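The next block holds one structure in the form of structure tokens; read it before the comments.
Readers should treat all values here as calculations from the given coordinates under stated rules, not as data from a laboratory. Since the structure is predicted, the reported quantities are computational estimates derived from the model, not experimental observations. Don't worry about glycine lacking a Cβ; one is built from the backbone with ideal geometry, like all the others, and counts go over all protein chains shown.
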Number of protein chains: 2
Amino acid sequence: MNESKIIKPRKLSGFMELFPNKQFVFDKMIEKIKNVYIKHSFLPLDTPVLELSEILLAKSGGDIDKEVYRFNKGDTDICMRYDLTVPLARFVAMNSEQLHYPFKRFQVGKVYRGERAQKGRFREFVQCDADIIGNEELSLVADAECLKMVEEVFEELNLNIVNQVSNRNILFGFIEGLGYANQSKEILSILDKINKIGKENACFELEKLNINKNDIAKLIEIITKKGKFLDILNEIENLSNNDTYKLGLSQMREVYSYLKAMGINEDKIELNLGIIRGQDYYTGTVFEAVIPDHRDFGTVCGGGRYDNLATYFTEKKFPGVGLSIGFTRLFDLLDSNNMLSEIKPNNIDLQIIPLGDTLDECLRLQSYFSKHLICEVAYENRSFKSKMKDANKQQIPYVIIVGENEVQTKIYTLKNMIKSEQYSLTKEDCLSKIIDKN
Amino acid sequence: MNESKIIKPRKLSGFMELFPNKQFVFDKMIEKIKNVYIKHSFLPLDTPVLELSEILLAKSGGDIDKEVYRFNKGDTDICMRYDLTVPLARFVAMNSEQLHYPFKRFQVGKVYRGERAQKGRFREFVQCDADIIGNEELSLVADAECLKMVEEVFEELNLNIVNQVSNRNILFGFIEGLGYANQSKEILSILDKINKIGKENACFELEKLNINKNDIAKLIEIITKKGKFLDILNEIENLSNNDTYKLGLSQMREVYSYLKAMGINEDKIELNLGIIRGQDYYTGTVFEAVIPDHRDFGTVCGGGRYDNLATYFTEKKFPGVGLSIGFTRLFDLLDSNNMLSEIKPNNIDLQIIPLGDTLDECLRLQSYFSKHLICEVAYENRSFKSKMKDANKQQIPYVIIVGENEVQTKIYTLKNMIKSEQYSLTKEDCLSKIIDKN
């Protein structure tokens, strides 16, 4: 061995690294999300973590450039992916002829943002995305399907959410109707941050855009509308005669009718005109799910409809709708709020402890029990007493003790560690007792 | 939308990217591997893809430095991980006080090697590792457990393997016994590549080390020994009196006795003294599994025992034993040799096709069937005929056609697309027919 000096072991800051028993829960939750996607006939895509910079930065504005991990390898300018949408666009554009439409793919994978590390922000995080991509056109049923999946995902995760839904055409059209079509992006971006900067500052910024006070009041009012779909749709029906506005309303009505047919849980969804979503590629349905008991968690799932996925890579038109869950952040919030269930030190159902020179018999027993449950042999070179103590500390529910007598008689001592009871049984009876948990 | 020019979509070479239906099979196989690890009470670890370069390169020789993706972000010198062992060592050294020993972790994750792209070599690939780490000491039962897991993993994957096992102390001791203790590394490295360079070249290189011809013949002979454990152990028992040699034999005997108790399948394992494994951190058991019908695949799984996992990060001693499967390469080989089963265009069990204005009824039906199977509604704006044709092409086994009459009667036309039969049934009867596959 080298006699090199010791390097202090440390990991990069801003990177989550869970203990394996917690990672097990993380993985289980991811599995549940994937299974909802699979049930809705989505198939997995796994694009590379590395992409050519010219691909990954094709559409990005200034901000993302700074955050992205970018480097050269030989002559190649490479980036680590910062989301799963651009890789999807690249994949669809590259393989558009071979895909079947609507193309339904999910991707669960790590993405990278080299931003300043701060609490609750991670530089590496798992995103769980599902998107439906059409060829030239895509039915609004797809929007409803995504909304239904949001409901089902959080039901599976046992988290009570409300999915706040809007349609960007409503606000776009309303602004257009007021006569500010040319400034709609700037206006939406101010309205989008109203919760962050406060109403007063928002008004002030809108005034700077030369919006008249009356119209500002109307804008501020409309984005406060939220509630049951039909209530709100009826309430705002005649607020504007603008065509885009009418289109937004009719799209919402259509999506809602599909949701009803799909049996959506009306308690988990609301129409909320305050939902704008910054990224300007959304062009219809938009949504953000929140946990009402934990508004401080912010958006736990978001998404929406976009006219064209792959503008930068092809002239063909691929409209799509999708949802995205920033799972690492969500898991971290659940963890720090003690909202994770089932964190156990291990998954072991049964530990077999040798007493004396009985290791071979223990291993034979393990191979019998392992067909039905997770069974471990305490084969370490430690005292019987310390092994029993340890089994207790590790919260192992059942222990079988195998002494030399047991090797002869084939009758084993089974201990129920929770009830502090013990029995003398054949291996078959041990198994039934453990499986019946009695 | 921007009027930016179109960028030709392409991905980096040397990176695998599967179509989603194939990725589904990839994921299923990974799941099977994970489940074997979990059954053996391993828990998952998920270390970051990025590590500080001083950590990742602490132990590496020249070669790995060249292959690694390394870059600076701000003042930080960062590497992408090139294996899962160094991150494990870092994790154990950082958290040694909080872990329970033997520490059994698996990690399934992508690793990165920026080497020259060539057929069958990937720059990003999934490794499936499982290791058992002891604190100061670790029983040889752990070695047997890893070997048993190799058997079970490939049984689950339905691949016929032979796991070729040796113990490095046998050859080390043999070389020592011949009087070449100081040159044992050089000698082993020549013997290790004998299949690549040929026997003659190996002899020539050994001569250059001043090994006498008689001893060269002995070395060449011993590494050809392979077969049933007990046969080989008996055959080579007295080839050397060296203590390390004897130690190697007795370790192999002990591991074999545990394997017998575990009920190992003797057809899937052999003692093979030609197994050396390049990396010099192995110190006892070493193994390489091959597929006898596809020797050209090379090693599909390898691993072994090491004295000390975390030498570079701590003065504490953590002996371990582990196995590693380079899954991306294996999958690619299976794929290109048509050895993957179950590649279907999709997973859809049932497609519901509206005929006329019956979309809402279709969605209601979908929500009924989706509780039991994967059901899709053909909601695209296309003709009924083209949808039927498509369902056929997509190999969807069952189709339900919902016309306006069906909405009234609640009796639906179910088509078995494989048998080309059709039935008029209630939704409940449709479901039973599909589930019973009759």
For residues of B:67-77, the mean tally of beta carbons on other chains within 10 Å: 3
Bins of 10 Å from zero: percent of alpha-carbon pairs in segment A:350-435: 18, 59, 23, 0
Net charge of Cβ neighbours under 12 Å - reference B:PHE287; Lys, Arg +1; Asp, Glu -1: +1
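Give me the percent relative contact order of chain B, please, defined on Cα pairs under 8 angstrom at least 6 residues apart.
15
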Where rotation carries B onto A, the chain B residue whose Cβ is nearest that axis, in whole Å: B:PHE71, 2
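Cα gyration tensor of segment B:162-289, axes a ≥ b ≥ c as square roots of the eigenvalues: rounded (a/c below 1.5), prolate (a/b > b/c) or oblate?
In terms of gyration-tensor shape, prolate.
Tell me what chain A gives for mean residue ellipticity at 222 nm when only DSSP H runs of n ≥ 4 count, each as -39,500 (n - 2.57), the sum divided by the residue total, rounded to 500 deg cm²/dmol.
The helix contribution divided over chain A gives -12000 deg cm²/dmol.
Among residues other than B:GLY134 whose Cβ falls under 10 Å from its Cβ, what is the net charge (Lys/Arg +1, Asp/Glu -1)?
Computed value for this residue: -2.
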Chain A: DSSP helices with Cα axial extent of at least 20 Å and average Kyte-Doolittle hydropathy no lower than -0.5: A:141-156
Surrounding net charge for A:ASP360, when Lys and Arg each add one and Asp and Glu each subtract one, Cβ distance under 12 Å: -2
Order of B:PHE71, A:PHE19 under a 10 Å beta carbon neighbour criterion, fewest first: A:PHE19, B:PHE71
14 Å reach of a label modelled at B:ASP307, 7 Å along Cα-to-Cβ, counting backbone N of segment A:1-41: A:1-4
Enclosed volume per residue, in Å³, of the convex hull spanned by Cα atoms of the protein assembly as shown: 195
Selection from B:ILE236, B:ASN214, B:ASN272 lying farthest towards where the dipole of segment B:162-289 points positive, charges on Cβ: B:ASN272
Segment B:135-155-segment A:327-353 distance, computed between alpha-carbon centres (Å): 26
